[in-house]
Amino acid sequence: MNIQKFPDYGTLSQHTAEHIVALINQKPTATLCLASGDTPIETYHRFVALAQAKQVDVSQCTFVGLDEWVGFGPNDFGSCSYYVFRDLFTPLNLRPDQLHVFDAKATDLAAECTRIDDLIKSRAGLDLLLVGMGMNGHIALNEPGTPFTLGCHVVDLAESTKTVGQKYFEKETTLNQGITVGLRHLTEAHEVILMVSGAKKASVLYDALRGSVSEQMPASIMQTHPNAQIWVDEAAGSLLA
């Protein structure tokens with residue numbers, strides 16, 4: 001577990017973007033699973049700028065969607081995939097065959113989980129998993145109490161996740177379930193980056209990294225990964241020595 005603090009959000013974002021560029025340049029056929037949410041948005045903007053400046057070629061990469069609200073899709077404002085398409089996939093001009101996101105409107109969500117599980121297995125695991133952390137310590141939509149051994153699955157959302165999730169929508173929206181890549185895929189990923197920004201996450205981050213490893217604190221699984229990068233700005237890392 002490698003913890004690095006950066007002076008501000010912009011520096012954190014630039015470092016992460018450059019790291020992804022370096023990874024792809026080293027392995028042009030990399031499989032990447034990248035989070036939605038507020039934290040990585042600037043990373044994606046900067047990565048796109050580097051790609052448009054011909055610093056990296058993403059044409060052979062495979063991109064896997066991390067999670068989605070059940071009942072929502074890429075064209076629905078507020079969905080997880082809406083933002084990743086807006087900030088990353090569409091500006092990169094990725095081909096449809098490079099993109100594998102959950103169809104959270106499917107009638108058979110278990111089959112969707114199997115489809116993404118099988119894809120990740122066929123790629124010999126994720127080369128990079130980039131995640132953030134929720135206020136209750138969740139990783140992707142793996143809520144507290146989720147077994148670390150689960151692959152892709154459907155989850156009943158915690159009340160705090162339902163509440164925080166409202167910020168992505170223009171009006172109050174009913175959120176009950178999510179579909180998500182499981183923590184087993186994090187364990188098996190070649191590299192995991194946890195990005196955390198902002199003072200409001202400081203105490204949760206401290207508990208995740210300095211407390212015991214527990215399924216009640218999903219982010220604590222980062223302590224067990226041999227190639228875990230925890231990259232934070234000064235505000236988020238203020239309680240870490």
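Could you list, in sequence order, the residues of the range 21-50 that are of a type in the set (A, V, I, L, M), in contact with a strand residue (DSSP E or B) (Cβ under 7 Å, 6 or more places away or on another chain) and under 30 Å from VAL164 (Cα atoms)?
LEU32, LEU34, ALA35
Which ones in the range 22-40 are surrounded by fewer than 18 Cβ atoms within 10 Å (Cβ to Cβ) and over 29 Å from VAL213 (Cβ atoms)?
Across the range 22-40, the qualifying residues are ALA22, ASN25, GLN26, LYS27, PRO28, THR29.
So, in the range 14-38, of the ones that are assigned to a helix (DSSP H, G or I) and without any contact (Cβ under 8 Å) to a residue 60 or more places away in the chain, which residue ends up farthest from VAL64 (Cα to Cα)?
Selected residue: GLN14.
Somewhere in the range 202-221, is a residue aliphatic (A, V, I, L, M), in contact with a Gly (Cβ under 9 Å, 6 or more places away or on another chain) and either part of a loop (DSSP other than H, G, I, E, B) or loosely packed, with under 15 Cβ neighbours inside 10 Å (or both)?
no
Out of the range 170-201, which residues are farther than 28 Å from ASN2 by Cβ and either surrounded by 16 or more Cβ atoms within 10 Å (Cβ to Cβ) or touching an Asp or Glu at 6+ places or on another chain (Cβ under 8 Å) (or both)?
Hits for the range 170-201 are THR173, LEU175, ASN176, GLN177, GLY178, ILE179.
Could you identify the single residue in LEU50, LEU32 that is at pLDDT 95 or above and more than 17 Å from the chain's Cα centre (by Cα)?
LEU50
I'd like the full set of residues that are in a helix (DSSP H, G or I) and either at pLDDT below 95 or not hydroxyl-bearing (Ser, Thr, Tyr) (or both), limited to the range 104-143.
Matches in the range 104-143: LEU109, ALA110, ALA111, GLU112, CYS113, ARG115, ILE116, ASP117, ASP118, LEU119, ILE120, LYS121.
Can you run down the residue pairs with Cβ atoms below 7 Å, 6 or more apart or on separate chains, where the first is in the range 210-222 and without any contact (Cβ under 8 Å) to a residue 12 or more places away in the chain and the partner is among the β-branched types (Val, Ile, Thr) and assigned to a helix (DSSP H, G or I)?
Close Cβ pairs satisfying both conditions: VAL213/ILE221; VAL213/THR224.
The values are calculated or read from the model by the stated rules, or taken from the named source; none is laboratory data. Worth saying up front: this structure is predicted, and the values here are computed from it rather than measured. No Cβ is skipped: glycine too gets one built from the backbone with ideal geometry, and neighbour counts run over all protein chains shown.
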